[in-house]
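Here the structure comes first, spelled out in structure tokens, and everything after it is commentary.
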Amino acid sequence: MLRKAVITTAGEGTRMLPATKEQAKEMLPLFDRSVSGGVCVKPLLQIVFEQLYRFGIRDFCFITGRGKRSIEEHFTQDYAYLEYLRSKGKDDLAKELENFYKMLDNSNIFWKYQPKPEGFGAAVLLSEPFVQDEPFLVCAGDTYIQSPANNCFKMLVSVFESMNADAAFLTFEVENPRMYGVVEGEEVEEGVFKVKRVVEKPEEPPSSIAILPVYVFKPIIFRALEKIPRGKGGEKQLTDGIQKLIEWGFSVYAVKLGDDERRLDIGTPEFYAEALYLSGKWAGVL
């Protein structure tokens, strides 16, 4: 059973300015179902954390950067505030926060600071002292996968373990793959691909299968990330690290999202608008 997850939050979020001038992009709100059965509003990053917690993860490493203090503050329990809410008759809100705090109490949370954004791969490389010699999950803090009963994680880990993979990740079909890391591979069973090549934001995509930022790795990924040069945008790309694993002969698999699963991305205003709509339908507010 996987015990550890790395959540990256060090990106600048410039495409979401001015909303992200003073707050982390990952703290932008989406709708969610409350523990009382109603609708509540949560930062996306909290939704991602709670999803991983429900999946069984208890050790978390957040990679943060400049201007991300609001993340650490939000993930710090304040039980006095719960009493204040109850004194004002806001018991449902207190119950919602208390549920979050209990998850934090039962988790080990580590913080790693990245002074400046240098790419997804560089952020993941910083987590090596936390990961040590265990397989681990990696999730981008600005993307959430709506998945009934967390099936996407169950399927991903099942493929990782049954195929004895060194890396595995989620994928989905897109109309414009030039915006993403793209997969070339052989379908070995329905929705599961043995990956032959991955390429970051290609001019001539080899397929329409795009990488989602949800991965499982063995620690060998760190050796690959150390060896690769800076890639697209002058940054150390995680996609390039995965390609290095393939070149070294390690096994890499991709798992497509199911028809009942959706990606919620807040990286651009257009994506955020879609994420608000989808989260609203999911929570029952729309």
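The values are calculated or read from the model by the stated rules, or taken from the named source; none is laboratory data. All values derive from a computational prediction rather than experimental measurement. Cβ atoms come from the backbone with ideal geometry, glycine included; neighbour counts cover every protein chain shown.
Take the residues of the range 45-59 that are part of a helix (DSSP H, G or I) and β-branched (Val, Ile, Thr): which is surrounded by the fewest Cβ atoms within 10 Å (Cβ to Cβ)?
47
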task = Please enumerate the residues belonging to the range 249-276 that are touching a helix residue (DSSP H, G or I) at 6+ places or on another chain (Cβ under 7 Å) and either within 24 Å of residue 126 (Cα to Cα) or in a loop (DSSP other than H, G, I, E, B) (or both).
result = 250, 252, 253, 257, 258, 260, 261, 265, 266, 267, 268
request  = Please verify whether the range 228-248 includes one or more residues that are within 26 Å of residue 45 (Cβ to Cβ), of a type in the set (Ser, Thr, Tyr), out of contact with any Ser or Thr (no Cβ under 6 Å at 6 or more places or on another chain) and in a loop (DSSP other than H, G, I, E, B).
outcome  = no
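Within the range 224-235, identify whether any single residue is crowded, with 22+ Cβ neighbours inside 10 Å, modelled with pLDDT of 95 or more and farther than 23 Å from residue 258 by Cα, and answer yes or no. Before you say what the answer is, go through the steps one by one.
So the first thing to find is which residues in the range 224-235 are crowded, with 22+ Cβ neighbours inside 10 Å, and the list is 224-225.
In the following step, the residues that additionally are modelled with pLDDT of 95 or more were identified as 224-225.
Narrowing the set further to residues that are farther than 23 Å from residue 258 by Cα leaves 224-225.
Within the range 224-235 (the criterion being crowded, with 22+ Cβ neighbours inside 10 Å, modelled with pLDDT of 95 or more and farther than 23 Å from residue 258 by Cα), the answer is yes, since at least one residue qualifies.
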message = Which of the numbered conditions does residue 152 fail, given that it passes all the others? Conditions: (1) in a strand (DSSP E or B); (2) closer than 25 Å to residue 49 by Cα; (3) modelled with pLDDT under 95.
response = (1)
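This table checks each residue for (1) among the acidic types (Asp, Glu); (2) touching a residue at least 40 places away in the same chain (Cβ under 8 Å); (3) on the phi < 0 side of the Ramachandran plot.
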residue	(1), (2), (3)
35	no, yes, yes
41	no, no, yes
47	no, yes, yes
56	no, yes, no
65	no, yes, yes
72	yes, no, yes
94	no, no, yes
inquiry  = Within the range 123-137, does at least one residue satisfy the condition of being of a type in the set (S, T, N, Q), at pLDDT 95 or above and in a helix (DSSP H, G or I)?
reply    = no
query = Could you count how many residues in the range 60-94 are over 30 Å from residue 11 (Cβ atoms) and either of a type in the set (Phe, Trp, Tyr) or surrounded by fewer than 16 Cβ atoms within 10 Å (Cβ to Cβ) (or both)?
reply = 11
request  = Filter the range 255-277 down to the residues that are touching a strand residue (DSSP E or B) at 6+ places or on another chain (Cβ under 7 Å) and closer than 25 Å to residue 10 by Cα, then identify the one that is surrounded by the most Cβ atoms within 10 Å (Cβ to Cβ).
outcome  = 275
query = Which of (1) at pLDDT below 95; (2) under 22 Å from residue 130 (Cβ atoms); (3) in contact with an Asp or Glu (Cβ under 9 Å, 6 or more places away or on another chain) does residue 62 not meet, given it meets every other one?
reply = (1)
message = Taking the conditions exactly as written (modelled with pLDDT of 95 or more, crowded, with 17+ Cβ neighbours inside 10 Å and assigned to a helix (DSSP H, G or I)), does residue 100 satisfy them or not?
response = yes
message = Tell me yes or no: at least one residue of the range 16-25 is buried (at least 17 other Cβ atoms within 10 Å of the Cβ), within 18 Å of the chain's Cα centre (by Cα) and either among the hydroxyl-bearing types (Ser, Thr, Tyr) or modelled with pLDDT of 95 or more (or both).
response = no
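For the range 1-44, enumerate the residues that are of a type in the set (Lys, Arg) and assigned to a loop (DSSP other than H, G, I, E, B). Give the steps one after another, and end with the answer.
Within the range 1-44, the subset of a type in the set (Lys, Arg) is 3-4, 15, 21, 25, 33, 42.
Result: 3, 21.
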